[in-house]
Structures are given as structure tokens and as C-alpha cells.
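The values are calculated or read from the model by the stated rules, or taken from the named source; none is laboratory data. Keep in mind it's a predicted model, so treat the numbers as computed, not measured. Neighbour counts are summed over all protein chains in view; Cβ atoms, including those assigned to glycine, are modelled from backbone coordinates with ideal geometry.
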Amino acid sequence: MDYDEFWSIVTGYRKSRIVHTAVIWKFFDYIGTGTTAEYIAKKANTDERATERILNALVGMEILRKSDGIYRHTELSRSQLVEQGDDNSLAGVRHALQSWENWGQLPDIVKTGELPDRKRVFDDPERYRTFILAMHQYQKHRAEQLVRQLPVKSGDTILDCGGGPGTYANTFQRLYPGADVTLFDLPDAIAIAKELNEGDLPIQYISGDFFEDDLGGPYDLVYLSNIIHSYSPDQNLDLLNRIYAAVKTGGRLVIRDRFLDDSETKPLGAVIFGIHMLVNNLQGGTYSVKELREWLQSVGFGKAEYQAIEGNGEIIIAEKLD
Ligand SMILES: C[S@@+](CC[C@H](N)C(=O)[O-])C[C@H]1O[C@@H](n2cnc3c(N)ncnc32)[C@H](O)[C@@H]1O
């Protein structure tokens, strides 16, 4: 690694905190079609000199533009950083901002293995809503590309297990109108998924806890996206056993997540995401493809095939042979 890159890692929080601060004080909302630092500070009720410095740094990072003392939006700030009615465009950034509260306590988590006052998404309805909407925000532009690559036939019964906002369930239903699509999640997520099903797609919804309640089925395909990283190996084995029982013979389970290589040090995005899980729920983590294959085999699935999907992560497809 070169020296500059090393220092940009050591001080990487600075850029994040500048963006967080501007979001917290709603600077992006006050820019409108272009305005001065003075106006923004007045609207935000913040210190004018400090506000100007933050705005200048955002221009330096190419998140905003500036000419003749007037700050203006870039395409990116307008689409990602402004509160826009029902669009939920800020949910992803808000979720990142909320996660910072726990990330800031990483040294304590590592010291004790616990964080008693950790803010968990499941403990607070507003935080949970932001989390679910953030999932939609992250996935909505990517879902179609992935679903097109899955082994789905018209008329299949499909379970989106822990499908959250329904981004994938809706995409399955839209691309395969003859499919019978079920979304299973906790009651609060199901309520949001129903809100987001604007086209009134004929999705079936099951509210419940996938460790406790009947998953329905049997299904030709179960889709499990971004779930296993939230749980421990024992919990994942329990869940995979329950899913196995809900898959038809000849049916498939598709697991989408970030997977580690056997060294557990690469790819870096998956390693860091494992720390994000440590910070946010302690029990979860990222797992290797090898580990996943062992779990799948131990619950009874046949061969498990790994695939990298361009622009949308990685999947493991396992088949139930008998
Ligand atoms: C990270 S989100 C993934 C959402 C969606 N699958 C996706 O890929 O965008 C995890 C989802 O799992 C759901 N979930 C977590 N534990 C659950 C449980 N025990 N029973 C049902 N749903 C659960 C959460 O409510 C949330 O919607």
C-alpha cells in the first residue's frame, strides 16, 4: 500500500462526517436552485463560518458545485441527499448515518465483546423503517439484473424469505407474472412492503418470525437475500433446515450475500461488512463460500453452485435432490 492511501484510511472518517453533518443540519435541502452559505446557515440555524467550511469541503469532494459564492446541487446531491416527499431517497444515507453511532463505539465492542447501549434497528420503529427503506434504496436499481439470471420458470412458486421492502418479490412477480410469489418477513416489514407495492402486484404476504413460524410452501424457489450475515452459524443452520423443509424436491434455494474467501481476509468489502455486523448485532458476520457449502450439505441440499453477478453481488444456488 502506498503512503497516501494509508493516510486516507487513517483519516477516512473526516469525509464521512462532513457529509453526515450536512445531512443532519439539512444543508442539502436548503440549497434549492442555488444559494449562499449565509442563507443556508440562517435556515439551518448553524454557525455561518463553520457552515461555509462544510459547504466548501462538499464542493471540494464534488458533491456540490460553487460559483460566485453561490452553492448549487450536482446531480448526485440532488438525487441522493435531498428529502423528496415519498421518494425515500435519503433512507440509505440515513441508515449509514445511524450506523455511525454504533461504529463510533467499535473500540468498546472489541474490548468487551458487547455494547449494552447499542442502538439496534429492531428496537426502534423509526430506525427499523429507515433500515427497511434503505434496503429498498440500495437494491431497487439492481434487483432486475439479478432476478433475470435466476432459474425461474413461469408458474413457479417462489418465497422471498426475509424479503423486507419487497424489492425482489416485486421484481420476481413483475418479470414472471405467472409465478406465485410469497414475501415472508416480520410484521413491520410486511406493512412497508405493502406500501411499496404500488403496482398492486399479486404478492402473498406472510408476517412472522422465520425461526418460529410456518414458512408456507412447498416452493420451487426460495430466495434468501442479505439474511445470513445477520445471524450466527447455529442460527443459520436452523434457518436453512427450516427452508429445506419448505422447498419442493427438485426445487432450489438461492442465497445472496457477501462471501469471504477461505483466508477470510478477502474480498475487503465482505471483511468490512463482517465488522459492520459485529457493530450492529454482534451475532452476525460474513461467511465463506466453503462454510456455506458445508451448511447446505449438512441440511440435505445437493450441489451448491457459486456465481458472481455483475453489479449485484454474489449468489449460491443449491438444489434439493430428494
Ligand atoms: C438486510 S434485510 C434484507 C431485505 C431483502 N431480503 C433484501 O435483500 O433487500 C433483512 C430482512 O430480514 C428480515 N428478518 C430478520 N430476521 C427475521 C426473522 N427472524 N423473521 C423474519 N424476518 C426477519 C428483516 O426484517 C429484514 O427485512
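Go through the stretch 141-150 and give me each residue that's surrounded by fewer than 18 Cβ atoms within 10 Å (Cβ to Cβ) and in contact (Cβ under 8 Å) with a residue 40 or more places away in the chain.
Arg142, Gln145, Gln149, listed by residue number.
Mind listing whichever residues of the stretch 72-126 are without any contact (Cβ under 8 Å) to a residue 60 or more places away in the chain and in contact with a Lys or Arg (Cβ under 8 Å, 6 or more places away or on another chain)?
Arg72, His73, Thr74, Glu83, Gln98, Glu101, Lys119
Given the criterion over 30 Å from Asn197 (Cα atoms), outside any loop (DSSP other than H, G, I, E, B) and of a type in the set (Asp, Glu), identify the matching residue among Glu52, Glu126. Give the derivation first.
Working: Glu126 fails: over 30 Å from Asn197 (Cα atoms).
From the options Glu52, Glu126, the qualifying one is Glu52.
Can you pull out the residues in the stretch 36-51 that are within 30 Å of Arg127 (Cα to Cα) and either of a type in the set (Asp, Glu) or in contact with a strand residue (DSSP E or B) (Cβ under 6 Å, 6 or more places away or on another chain) (or both)? Walk me through how you get there before you give the answer.
Quick first cut of the stretch 36-51, residues within 30 Å of Arg127 (Cα to Cα) only: 40-47, 50-51.
Selection gives Asp47 alone.
Residue-by-condition table, conditions (1) surrounded by fewer than 18 Cβ atoms within 10 Å (Cβ to Cβ); (2) among the charged types (D, E, K, R):
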{"position": "Val254", "(1), (2)": "no, no"}
{"position": "Asp257", "(1), (2)": "no, yes"}
{"position": "Glu264", "(1), (2)": "yes, yes"}
{"position": "Leu268", "(1), (2)": "yes, no"}
{"position": "Ile272", "(1), (2)": "yes, no"}
{"position": "Asn280", "(1), (2)": "no, no"}
{"position": "Gly284", "(1), (2)": "no, no"}
{"position": "Leu292", "(1), (2)": "no, no"}
{"position": "Leu296", "(1), (2)": "no, no"}
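Condition check ((1) surrounded by 15 or more Cβ atoms within 10 Å (Cβ to Cβ); (2) assigned by TED's automatic domain parsing to the domain that holds Ala143; (3) touching a residue at least 40 places away in the same chain (Cβ under 8 Å); (4) aromatic (Phe, Trp, Tyr)) across all residues:
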site: Glu198; (1), (2), (3), (4): no, yes, no, no
site: Tyr205; (1), (2), (3), (4): yes, yes, no, yes
site: Phe210; (1), (2), (3), (4): yes, yes, yes, yes
site: Asp213; (1), (2), (3), (4): no, yes, no, no
site: Asp220; (1), (2), (3), (4): yes, yes, yes, no
site: Ser225; (1), (2), (3), (4): yes, yes, yes, no
site: Tyr231; (1), (2), (3), (4): yes, yes, yes, yes
site: Gly250; (1), (2), (3), (4): no, yes, yes, no
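Quick check on my filter: what residues within the stretch 279-322 are more than 30 Å from Glu114 (Cβ to Cβ) and of a type in the set (Lys, Arg)?
Within the stretch 279-322, Arg293, Lys303, Lys320 meet the criteria.
Do you know which residues across the stretch 115-140 are within 14 Å of Gln98 (Cα to Cα), more than 13 Å from the ligand (Cβ to nearest atom) and buried (at least 16 other Cβ atoms within 10 Å of the Cβ)?
Answer for the stretch 115-140, where residues must be within 14 Å of Gln98 (Cα to Cα), more than 13 Å from the ligand (Cβ to nearest atom) and buried (at least 16 other Cβ atoms within 10 Å of the Cβ): just Arg118.
Looking at Thr33 and the list (1) free of Cβ contacts under 8 Å to residues at least 12 places away in the same chain; (2) assigned to a loop (DSSP other than H, G, I, E, B), which single condition is not satisfied?
Only one criterion in (1) free of Cβ contacts under 8 Å to residues at least 12 places away in the same chain; (2) assigned to a loop (DSSP other than H, G, I, E, B) is unmet by Thr33, namely (1).
If you take the residues of the stretch 241-269 that are assigned to a helix (DSSP H, G or I) and more than 15 Å from the ligand (Cβ to nearest atom), which of them is farthest from Gly163 (Cα to Cα)? Full working, then the answer.
We begin by selecting, within the stretch 241-269, every residue assigned to a helix (DSSP H, G or I); these are 241-246, 268-269.
Narrowing the set further to residues that are more than 15 Å from the ligand (Cβ to nearest atom) leaves 244-245, 268-269.
Working: Tyr244: 17, Ala245: 19, Leu268: 26, Gly269: 22 Å.
Of everything passing the filter in the stretch 241-269, Leu268 is farthest from Gly163 (Cα to Cα).
Just give me the residues in the stretch 207-240 being within 27 Å of Leu175 (Cα to Cα), near the ligand (Cβ under 9 Å from one of its atoms) and of a type outside the set (Phe, Trp, Tyr), in sequence order. Walk me through it before giving the result.
Here is the first cut: in the stretch 207-240, the ones within 27 Å of Leu175 (Cα to Cα) are 207-208, 210, 214-228, 240.
Cutting the leftovers down to near the ligand (Cβ under 9 Å from one of its atoms) gives us 207-208, 210, 223-227.
Selection gives Ser207, Gly208, Leu224, Ser225, Asn226, Ile227.
Could you list, in sequence order, all residues of the stretch 151-194 that are more than 9 Å from the ligand (Cβ to nearest atom) and in a loop (DSSP other than H, G, I, E, B)?
Those that are more than 9 Å from the ligand (Cβ to nearest atom) and in a loop (DSSP other than H, G, I, E, B): Pro151, Val152, Lys153, Ser154, Gly155, Asp156, Tyr176, Pro177, Gly178, Ala179.
Report whether or not Ala169 is more than 16 Å from Ile255 (Cα to Cα) and buried (at least 17 other Cβ atoms within 10 Å of the Cβ). Break it down stepwise before answering.
Details: more than 16 Å from Ile255 (Cα to Cα): no; buried (at least 17 other Cβ atoms within 10 Å of the Cβ): yes.
So Ala169 fails the test.
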